[in-house]
Amino acid sequence: MILFGSNADTELLALRSVVDDLPSDVGPVRWFHPDRAPGTPPLDGVQIVVVRLLGGLDAWKDGFGALRSRCATGGIALVAVGGEADPDADLLAASSVPTAVTSEAHRYLAAGGGGNVANLLRFLADTLLLTGVGFAPPAPVPEVAIWPGAGLGRTGALRHPERPLVAVVFYRAHLVAGNTTYVAALCDALEAAGADALPIWTYSLRRNAEGAVPALDLCREHAADVIVTSTLAAGSTRDGGDGWEVPDLDHLGIPVIQAPASSRSRAEWTADDSGLSPLDVATGVAIPEFDGRVIGPTFAFK
């Protein structure tokens, strides 16, 4: 049995979408979210534990320590990786399998998507359990691109010059998890209201190593009139920490609308007079306001 833990809901969604199609020789696959597991999960019958922590070891320090100890006692292979594009040295060192195995596991998960998760499980079954089911190497998904699932991204979709162009920017993590229904619904609503929608997935709206923001470059290239985004704030403090600046958004010179999402179900959101939770307000309303974004209504729910 393989036990897969991640504090990224989108990753667990991707896992759930592929487990039923895995060869039977891989064995059963269970999964858990560290923030919602009561203590450490049971390890009865488990041969391999995979843990991916966005935020690194500090995101689940006590729980991970207890899990690692139980894996060591039970002779269970532990594969621990971080959530960034580069390997996490602390989690790499905490793993009990060869470094090459953990590094390859990180490559699968950094690439993202159900196909890569499925091939990760096949890779670990072959490498650690000698099952012989076969696996494909990690297949990268571009960090930024126009999504072909809606709006002008659809094959054959044409731009209507008389209509305003709205760039809908969302996280690549939702794409690779197949969690894109809310993006399609937003694009459909924009088009019904008389706009053209340009859905763009991105890893981040912060500058990359080359100092560029490719998603915003796409908005500029296509002459977007407005951006609607569900991503987190993109700004940073100036040197010395005396202010907040977002030059890449400022230089576009167009409105940027924040589309807040609730981490709760629609029913829970409706029943609570406060609406969004304090964390949702902080990440989806208060902090994006520092970017100068216009805050829109809550439009998506867990």
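The values are calculated or read from the model by the stated rules, or taken from the named source; none is laboratory data. All figures in this text were calculated on a predicted structure; none of them were measured in a lab. Every residue, glycine as well, gets a Cβ built from its backbone with ideal geometry; the counts of neighbours run over all protein chains shown. Protein only, heavy atoms only, side chains kept; ligands, DNA and RNA dropped before computing areas. Shrake-Rupley method; radii C 1.70, N 1.55, O 1.52, S 1.80 Å.
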>> Of the residues Ala8, Ala94, Ala14, only one is open to solvent by less than 30 Å² (accessible area, probe 1.4 Å), in contact with a helix residue (DSSP H, G or I) (Cβ under 8 Å, 6 or more places away or on another chain) and over 27 Å from Pro142 (Cβ atoms); which?
In response: Ala94
>> Thr283 - would you say it is under 20 Å from Val169 (Cβ atoms), buried (at least 19 other Cβ atoms within 10 Å of the Cβ) and of a type in the set (Ser, Thr, Tyr)?
In response: no
>> Tell me whether region 65-73 contains one or more residues that are of a type in the set (D, E, K, R), open to solvent by 20 Å² or more (accessible area, probe 1.4 Å), touching a Ser or Thr at 6+ places or on another chain (Cβ under 7 Å) and more than 30 Å from Thr202 (Cβ to Cβ).
In response: yes
> Does region 154-190 hold any residues that are of a type in the set (Ser, Thr, Tyr) and in contact (Cβ under 8 Å) with a residue 12 or more places away in the chain, and which are they?
Replying inline: Tyr171, Thr180, Tyr182
>> Suppose we keep only residues that are surrounded by fewer than 17 Cβ atoms within 10 Å (Cβ to Cβ) and in contact with a strand residue (DSSP E or B) (Cβ under 6 Å, 6 or more places away or on another chain) within region 286-302. Which one would you say is modelled with the lowest pLDDT?
In response: Phe290
> Can you tell me which residues in region 253-262 are small (Gly, Ala, Ser), in a loop (DSSP other than H, G, I, E, B) and closer than 18 Å to Leu186 by Cβ?
Replying inline: Ala259, Ser262
> When both residues are 6+ apart or on different chains and their Cβ atoms are under 6 Å apart, which pairs have a first residue that lies in region 100-117 and is farther than 17 Å from Gly83 by Cβ, and a second that is in a helix (DSSP H, G or I) and open to solvent by 10 Å² or more (accessible area, probe 1.4 Å)?
Replying inline: Val101/Thr127; Gly114/Ser17; Gly114/Val18
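Here's the yes/no breakdown for (1) farther than 30 Å from Ala215 by Cβ; (2) of a type in the set (Phe, Trp, Tyr); (3) at pLDDT 95 or above:
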{"position": "Gly115", "(1), (2), (3)": "no, no, no"}
{"position": "Leu128", "(1), (2), (3)": "yes, no, yes"}
{"position": "Thr131", "(1), (2), (3)": "yes, no, yes"}
{"position": "Ala139", "(1), (2), (3)": "no, no, no"}
{"position": "Pro142", "(1), (2), (3)": "no, no, no"}
{"position": "Glu162", "(1), (2), (3)": "no, no, yes"}
> In region 1-27, which residue that is more than 16 Å from Ala125 (Cβ to Cβ) and assigned to a loop (DSSP other than H, G, I, E, B) is farthest from the chain's Cα centre (by Cα)?
Replying inline: Asn7
>> Regarding region 118-130, can at least one residue be identified that is of a type outside the set (Val, Ile, Thr), open to solvent by less than 70 Å² (accessible area, probe 1.4 Å) and part of a strand (DSSP E or B)?
In response: no
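Here's the yes/no breakdown for (1) aliphatic (A, V, I, L, M); (2) at negative phi; (3) in contact with an Asp or Glu (Cβ under 7 Å, 6 or more places away or on another chain):
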{"position": "Pro28", "(1), (2), (3)": "no, yes, no"}
{"position": "Val81", "(1), (2), (3)": "yes, yes, yes"}
{"position": "Ala93", "(1), (2), (3)": "yes, yes, no"}
{"position": "Thr127", "(1), (2), (3)": "no, yes, no"}
> Under the condition of being open to solvent by 20 Å² or more (accessible area, probe 1.4 Å), outside any strand (DSSP E or B) and touching a Phe, Trp or Tyr at 6+ places or on another chain (Cβ under 8 Å), which residue from region 205-245 is modelled with the highest pLDDT?
Replying inline: Ser230
> Hey, among the residues in region 79-100 that are of a type in the set (Gly, Ala, Ser) and at pLDDT below 90, which one's nearest to the chain's Cα centre (by Cα)?
Replying inline: Gly83
> In this structure, does Arg30 turn out to be among the charged types (D, E, K, R), surrounded by fewer than 21 Cβ atoms within 10 Å (Cβ to Cβ), part of a helix (DSSP H, G or I) and touching a residue at least 12 places away in the same chain (Cβ under 8 Å)?
Replying inline: no
> Of the residues that sit in region 137-162 and are in contact with an Asp or Glu (Cβ under 7 Å, 6 or more places away or on another chain) and open to solvent by 60 Å² or more (accessible area, probe 1.4 Å), which one is farthest from Leu54 (Cα to Cα)?
Replying inline: His160
>> Can you go through Ala195, Ala189 and tell me which one is crowded, with 16+ Cβ neighbours inside 10 Å and not basic (Lys, Arg)?
In response: Ala195
